[in-house]
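Got a structure for you, written out below as structure tokens; questions coming shortly.
The values are calculated or read from the model by the stated rules, or taken from the named source; none is laboratory data. In this text the structure is predicted, and so the values were computed from the model without any measurement. We place every Cβ from the backbone using ideal geometry, glycine too, and count neighbours over all the protein chains shown. The accessibility values were calculated without ligands, DNA or RNA, using every heavy atom of the protein model including side chains. Shrake-Rupley method; radii C 1.70, N 1.55, O 1.52, S 1.80 Å.
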Amino acid sequence: MRGWDLRSEVLFSYVNCEQRVPKDHPLRAILRFVDQALATLSPEFERLYARFGRPSIAPERLLRALLLQAFYSVRSERQLMEQLEYNLLFRWFVGLSLDDPIWDVTVFTKNRERLIEGDIATKFMAAVLDQEAVKALLSDDHFSVDGTLIEAWASMKSFRPKDGSGEPPAPGRNGERDFRGEKRSNETHASTTDPDARLYRKSSGQPAKMAYLGHVLMENRHALVVDARLTLATGTAEREAALEMVADRPGNHRITLGADKAYDVAEFVADLRDLKVTPHVAQNTTNRRSAIDGRTTRHSGYAVSRRVRKRIEEVFGWTKATAGFRKTRHRGVARVGWMFTLTATAYNLIRLPKLLTRVG
């Protein structure tokens, strides 16, 4: 018998989000890591909020929602709130019931600011990596480092002279601005929409963009991110961030650090050796002498580090192509850096269930 296309609203429903999500859905395994990490961060959340007053958005729910934004390539927080309105999978992961109202997007972003002030993204990454099952996957001896260009949420037209001179763009929604013959640099110009953004060219032959630099420290055993930072886009930022991340690693034993040719600088190599770090840096011999000599290249581990180091590009590829971080949606080094660290943690969470299944 044919079924009829009739619509009737049900007065009562006894089906919850938990019943709608398949038992083998990949988010279930990820949620276990997330909830365990958030439970350890509960004392940190307590310190960020007043003991009395109107309840805010639960920080645990806010972080889960931001992770979904990275997992599913949601372009904006406004679209994220729209998805939470009708997407049962999203509601289940965040911890909302079918009847819970969805937050206003402005309230959501205001509550996120408190987590940025408490540096929760860095602590959340550490809490995920500190779980017993995850620690067994990590290498304590071999690491790789690299940096990537993150385009800022600022146009070239906003790059104006600091002294207030210069012609503004033509009126209109996308007014024209002729830069021909005008010399611009970070010393004399700054963006009016994002003062922290810098005009930067990652390599020769590439156009200069308003950008930041994101830096990642990866352990070499399973290519998981163990540290992520964001800096202003300068010519020395990659090496400076690498030294800071290596210096912050726990322990006092000797480690190795793989890096590409951009890190083949005598001063950087010497600083690594002072930190008890063996520099497995790719040699740059183009019209110059490399700072890496036979003391390092003669060991078989040097070739292994150079081969494994390339996997750090997978981190940048996922964060830009899937998580939408090729061009940031935020302004200011604090906000962009916080989101970059959280996105790197999301990359780890995507990979952890498969890694543990393979190892187990």
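So which helices (runs of 4 or more DSSP H) stay within the stretch 95-164 end to end and still have 2 or more residues that are surrounded by fewer than 15 Cβ atoms within 10 Å (Cβ to Cβ) and either without any contact (Cβ under 8 Å) to a residue 60 or more places away in the chain or not aliphatic (A, V, I, L, M) (or both)?
The helices (runs of 4 or more DSSP H) meeting that bar are 105-117, 132-135.
I'd like the full set of residues that are farther than 24 Å from ARG221 by Cβ, touching a Ser or Thr at 6+ places or on another chain (Cβ under 9 Å) and open to solvent by 80 Å² or more (accessible area, probe 1.4 Å), limited to the stretch 262-314.
none
Right, something else. Would you tally the residues in the stretch 348-360 being open to solvent by 10 Å² or more (accessible area, probe 1.4 Å) and either modelled with pLDDT of 95 or more or of a type outside the set (A, V, I, L, M, F, W, C) (or both)?
So the answer is 7.
Looking at the stretch 237-347, what helices (runs of 4 or more DSSP H) fall wholly within it and have at least 2 residues that are in contact (Cβ under 8 Å) with a residue 24 or more places away in the chain?
It comes to 237-247, 266-274, 300-309, 312-321.
Can you pull out the residues in the stretch 208-227 that are under 12 Å from the mean Cα position of the chain (by Cα), open to solvent by 10 Å² or more (accessible area, probe 1.4 Å) and of a type in the set (A, V, I, L, M, F, W, C)?
Hit for the stretch 208-227 is VAL226, nothing else.
Can you tell me which residues in the stretch 26-70 are charged (D, E, K, R), exposed (fewer than 14 other Cβ atoms within 10 Å of the Cβ) and in contact (Cβ under 8 Å) with a residue 60 or more places away in the chain?
Listed by number, the list holds a single entry, ARG47.
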